[in-house]
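Chemist: One structure is given below, represented as structure tokens, and several questions about it will come after.
The values are calculated or read from the model by the stated rules, or taken from the named source; none is laboratory data. Quick caveat, the model's predicted, so the values are computed rather than measured. Counting neighbours? That spans all protein chains shown, and the Cβs are built from the backbone with ideal geometry, glycine included. Just the protein is used for accessible areas: all its heavy atoms, side chains included, with ligands, DNA and RNA removed. Shrake-Rupley method; radii C 1.70, N 1.55, O 1.52, S 1.80 Å.
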Amino acid sequence: MNQIINNILLFAEVSKAEAPLQPVQMARVVAKVQDRLSHMIKEQQAQIIIPEAWPDAIGYAPWLEEVWANYLSNALKHGGNPPRVELGASAQSDGMVRFWTRDYGPGLPTKVQAHLFKPFNQIDSFNDKKPSLGLSIVLTIVEKLGGQVGVESKPGQGSLFFFTLPAELSSCTTSATSVA
């Protein structure tokens with residue numbers, strides 16, 4: 001119940017607030033989220049694969065921490081047993097950076113994907129029957145920061161959740177390494 005109330009408050013705050021857009025060191029944001037979710041990562045014996053370097057983007061770090069926390073916790077919940085989750089980023093030709101999480105869980109049918117970012121969705125294919133605002137908060141945050149969200153998934157092939165943000169001009173390139 002507390003989590004639902006906290007999500008409702010966060011959703012209300014983000015819906016009406018304006019964030020100061022500034023360069024964000026995504027490596028720091030992701031490290032904070034990994035620390036925040038360390039108990040879950042350890043408990044599930046998850047393998048997290050992250051890039052050695054992250055491109056920076058324009059956004060608001062506290063809100064982006066919520067985006068990553070939501071994407072990573074969902075990947076840990078639904079990413080296989082034990083979960084194997086990749087995080088990454090790639091520059092796009094339109095001046096945006098695409099940040100993503102990939103899991104190797106059961107994947108999602110197309111009809112479920114269409115409803116994922118709506119408030120209080122309940123997805124029967126997930127064992128988590130609690131109504132959730134998580135992905136609708138992600139959508140609201142990312143759109144307020146000038147980006148887009150999405151999912152690519154096929155049943156039996158895992159899921160890739162992504163969001164885009166404007167690139168910070170001095171961004172670096174990425175390569176992946178494994179972290180347990």
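Chemist: Among the residues of the range 67-95 satisfying the criterion of being part of a strand (DSSP E or B) and charged (D, E, K, R), which is least open to solvent (accessible area, probe 1.4 Å)?
Modeler: Once the filter is applied, the top-ranked residue is Glu86.
Chemist: Out of (1) more than 23 Å from Trp63 (Cβ to Cβ); (2) at pLDDT 80 or above; (3) open to solvent by 30 Å² or more (accessible area, probe 1.4 Å), what's the single condition that is false for Arg98?
Modeler: Failed condition: (1).
Chemist: Mind listing just one residue for me: the one in the range 117-147 that is modelled with pLDDT of 85 or more and within 12 Å of the chain's Cα centre (by Cα) and, of those, most open to solvent (accessible area, probe 1.4 Å)?
Modeler: This residue is Leu139.
Chemist: State whether one or more residues within the range 59-66 are more than 18 Å from Trp100 (Cα to Cα) and exposed (fewer than 15 other Cβ atoms within 10 Å of the Cβ).
Modeler: Within the range 59-66, none of the residues are more than 18 Å from Trp100 (Cα to Cα) and exposed (fewer than 15 other Cβ atoms within 10 Å of the Cβ).
Chemist: Filter the range 39-58 down to residues that are within 21 Å of Leu135 (Cα to Cα) and either among the β-branched types (Val, Ile, Thr) or free of Cβ contacts under 8 Å to residues at least 40 places away in the same chain (or both) and give me whichever is surrounded by the fewest Cβ atoms within 10 Å (Cβ to Cβ).
Modeler: Per the criteria, the residue is Met40.
Chemist: Can you tell me how many residues within the range 27-60 are out of contact with any Pro (no Cβ under 9 Å at 6 or more places or on another chain) and more than 19 Å from Ala91 (Cα to Cα)?
Modeler: The total comes to 12.
Chemist: Right, something else. List pairs: first in the range 66-94 and within 9 Å of Val33 (Cβ to Cβ), second open to solvent by 60 Å² or more (accessible area, probe 1.4 Å), Cβ under 7 Å, 6+ apart or cross-chain?
Modeler: From residues that are within 9 Å of Val33 (Cβ to Cβ), the pairs are Ala69/Arg36.
Chemist: Something else: Which condition number does Val24 fail, the rest of (1) farther than 24 Å from Pro106 by Cβ; (2) of a type outside the set (Gly, Ala, Ser); (3) open to solvent by 30 Å² or more (accessible area, probe 1.4 Å) being met?
Modeler: Of everything listed in (1) farther than 24 Å from Pro106 by Cβ; (2) of a type outside the set (Gly, Ala, Ser); (3) open to solvent by 30 Å² or more (accessible area, probe 1.4 Å), Val24 misses just condition (3).
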